[in-house]
Amino acid sequence: MKKHPIRLNVNGTEYDLLVAPNRTLTQALREDLGLTGAKHGCGVGDCGSCTVLLNGAPVNSCLVLAVQADGSNITTIEGLAEGTSLHPLQTSFIEKGAIQCGFCTPGMIMSAKALLDHSDRPTAREIREALSGNLCRCTGYQKIVEAVSDAAENMSRGGRKES
Amino acid sequence: MLLPAFEYHRPTGLAEAFEVLDHYAGKARVLAGGTDLLVNMKRKTVAPKQLVGLERVAELLGVRAGNGRIEIGARETAARLAGAGGIARDLGVLAMAAAKLGSPQVRNLATIGGNLCTARPAADMPLPLLVLDARVVLAGSAGEREVGLDAFFAGPGQTVAQPKEILTKVVIDRAEPGTGGGFVKLGLRRTLEIALVNAAALLTLDVDGKTIKKARVALGAVAPTPIRAPEAERVLLGKVASDELFAHAGEAAKQDARPITDHRGSATFRLEMVSVLTRRALHQAWENAREQ
């Protein structure tokens, strides 16, 4: 397999990589860049654990070849906190008990982030719709929906909430 | 799940893509959104040795209206088409179906061309396109041809596209005034679901706002390919629209369907649902047509 040189902007940092064609974006992020926030779950686009933002839009990174993402901007869960200050979504997930085992959390938060980037005060229905590609086997979703709703409220009330 | 090994080609234009397909004598597979092909490769049901990625081929992007027709680039994603406002009368029914495909993450990747070429009997985007009388443009180094979508599907996973051809765009005619569409999908859950049965309808009302001038019904997951429902359409044509008439058309649609029994539902259940979904899709189409 001939490897391909690619450039990815991940969380604001440019990376030059040489990747085999069969390397997925999940693998490139986790194994080549050491960004293990995005989880490798089902591997076939069903569970949403590997969700990252590709040029601002949530995608299953297990269904994107790293080579296909050449030249793209990628945001992962590692790109949300600013220093020790958590993103309001991260804070509200903790406060609302929306995290249990935590495996689905990075993907959930990335899907929620994409929603809140376009919608200030989403309805519960819109939140459920936005998270419909992310499976959680612990929480029953109610607390997750509440956490996203809470984060939206906090953000519209005055930007980022210090943790 | 790991992907098997393959060589990757990254053409920057269609001409270059055709060269690669010709060079490998049609043995290379085209990769667009990847939500189907990469899954099948991980599951080892297909193992192409050469992949031609279309991500740099800009000619395959864009929705263009002109000359009474609309051309949709094959690489337009379900998410983009689900949000295709502005030309609601023409693409409204496509937007409804695109919004029901997979999950938000899948919709950001999955393309209209890919959804057609995959040719799954339960796929969501073929139905609105069938009721819109869509054509697809198949292009290769030898030139291009336009094929009606009703003649495009050859069986589950099979189309009339040749291995050296690329589906470059979908073409539909601009809708007449008084046209509205409907799309209904039945699954065991609301998202990330493959339809048990799905149905699309398109109605064009006469100037009186009641008489059905043009009627189209399409059904999914009830035959080896997505199909039109000519019996249902025949019932509707020239009649005054009403819920009773739609119920009648729903019954007629059963004659167009040939469902099978599988682990997700029985043929008997699917047939009943054909009738219900046809009626609901027609009702939606009627409401949307009256708004135009």
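The values are calculated or read from the model by the stated rules, or taken from the named source; none is laboratory data. Only a predicted model underlies this, so the values are computations on that prediction, with no experimental measurement involved. Using ideal geometry, Cβ is built from the backbone for each residue, glycine included, and neighbour counts are taken over all protein chains shown. Just the protein is used for accessible areas: all its heavy atoms, side chains included, with ligands, DNA and RNA removed. Shrake-Rupley method; radii C 1.70, N 1.55, O 1.52, S 1.80 Å.
Total residues in region B:50-73 satisfying the condition of being within 14 Å of another protein chain (Cβ to nearest Cβ), part of a loop (DSSP other than H, G, I, E, B) and in contact (Cβ under 8 Å) with a residue 24 or more places away in the chain: the figure is 4. Cβ-Cβ distances below 8 Å connect the following pairs, each with a first residue in region B:191-211 that is under 20 Å from B:Gly92 (Cβ atoms) and charged (D, E, K, R), a second residue that is part of a strand (DSSP E or B) and open to solvent by less than 40 Å² (accessible area, probe 1.4 Å), and a separation of six or more residues or different chains: B:Asp206/B:Ile212. Given the criteria in a loop (DSSP other than H, G, I, E, B) and among the basic types (Lys, Arg), does B:Arg189 qualify? For B:Arg189, the condition - in a loop (DSSP other than H, G, I, E, B) and among the basic types (Lys, Arg) - is met.
The rows are residues; the columns are (1) surrounded by 17 or more Cβ atoms within 10 Å (Cβ to Cβ); (2) away from chain B (no Cβ under 14 Å); (3) under 22 Å from B:Gly33 (Cα atoms).
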site: A:Arg7; (1), (2), (3): no, no, yes
site: A:Gly41; (1), (2), (3): yes, no, yes
site: A:Thr51; (1), (2), (3): yes, no, yes
site: A:Gly83; (1), (2), (3): no, yes, no
site: A:Ser92; (1), (2), (3): yes, yes, no
site: A:Gln100; (1), (2), (3): no, yes, no
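Count of region B:125-166 residues, restricted to those that are outside any strand (DSSP E or B), free of Cβ contacts under 8 Å to residues at least 12 places away in the same chain and charged (D, E, K, R), is 0. For region A:27-37, the criterion of a residue being assigned to a loop (DSSP other than H, G, I, E, B) and within 13 Å of another protein chain (Cβ to nearest Cβ) is satisfied by no position. Annotation note: Cβ proximity below 6 Å between a residue of region B:12-24 that is closer than 12 Å to B:Leu54 by Cα and a residue that is of a type in the set (Ser, Thr, Tyr) (sequence gap 6+ or interchain) occurs for B:Phe18/B:Ser141. Put simply, of A:Ala112, A:Ala151, A:Ala147 the only residue that is open to solvent by less than 50 Å² (accessible area, probe 1.4 Å), touching a residue at least 60 places away in the same chain (Cβ under 8 Å) and under 27 Å from A:Thr36 (Cβ atoms) is A:Ala151.
Residues of region B:1-49 that are of a type outside the set (Lys, Arg), within 13 Å of chain A (Cβ to nearest Cβ) and not in a loop (DSSP other than H, G, I, E, B): B:Glu7, B:Tyr8, B:His9, B:Val30, B:Leu31, B:Leu37, B:Leu38, B:Val39, B:Asn40, B:Met41.
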